[in-house]
Amino acid sequence: MISMMKRRKRILFLCTGNSARSQMAEGLMKVLGSDRWSVQSAGTLSSFVHPLAIRVMAEIGIDISHHTSKSLIPHLRKKFDYVITLCDHADSVCPAFPGNGTRLHWSFDDPASAEGTEEERLAVFRHVRDGIRDRIAAFLRGDLSDSDPPDPIASFTF
């Protein structure tokens with residue numbers, strides 16, 4: 001008897017520049033969602049993957065150094081089960097996608113706009129990374145709300 005493989009759900013994480021938030025979300029979902037998800041990220045504009053995003057992800061054992069910043073345009077005709085915007089700008093300009101996918105909005109401050117010493121800026125990137133990790137963990141538990149998860153997962157490990 002041939003075993004039927006369940007189709008992986010498709011998810012797109014979207015922010016403005018596809019440099020930090022959506023890149024971190026893509027890396028986290030690929031690890032946390034394992035092989036159940038086909039994960040992509042994009043920006044309303046493409047730029048570069050921020051070096052501090054690469055660094056804070058490496059701190060938790062996730063390598064996004066091979067990621068590239070991608071524009072939303074090539075994804076416009078693709079069907080996604082979920083499109084999740086990670087900043088208010090992306091939420092306000094996000095177009096409709098074909099199919100019956102679900103659109104969610106998780107608002108995170110842009111860590112790339114943080115000022116201060118390198119350590120202070122790293123702290124902001126870590127805070128955003130951990131917030132995205134918590135939202136993804138809640139999402140994977142079935143919480144599809146746009147609000148913050150009720151209990152942060154401080155002890156979550158990879």
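Every read-out reported here was derived from the displayed coordinates using simple, explicitly stated rules and does not represent laboratory data. Since this is a predicted model, take the numbers as computed values, not measurements. All Cβ positions, even for glycine, are placed from backbone atoms using ideal geometry, and neighbour counts span all protein chains on display.
If the condition is being touching a strand residue (DSSP E or B) at 6+ places or on another chain (Cβ under 9 Å), in contact (Cβ under 8 Å) with a residue 40 or more places away in the chain and not in a strand (DSSP E or B), then region 102-135 contributes Trp106, Phe108, Asp110, Ile132. Of the residues in region 2-23, not one is farther than 24 Å from Arg141 by Cβ, basic (Lys, Arg), surrounded by fewer than 18 Cβ atoms within 10 Å (Cβ to Cβ) and out of contact with any Ser or Thr (no Cβ under 7 Å at 6 or more places or on another chain).
Kindly indicate the residue of region 55-69 that is free of Cβ contacts under 8 Å to residues at least 60 places away in the same chain and crowded, with 18+ Cβ neighbours inside 10 Å and also farthest from Gln40 (Cα to Cα) among those meeting that condition. In this case the residue turns out to be Ile64.
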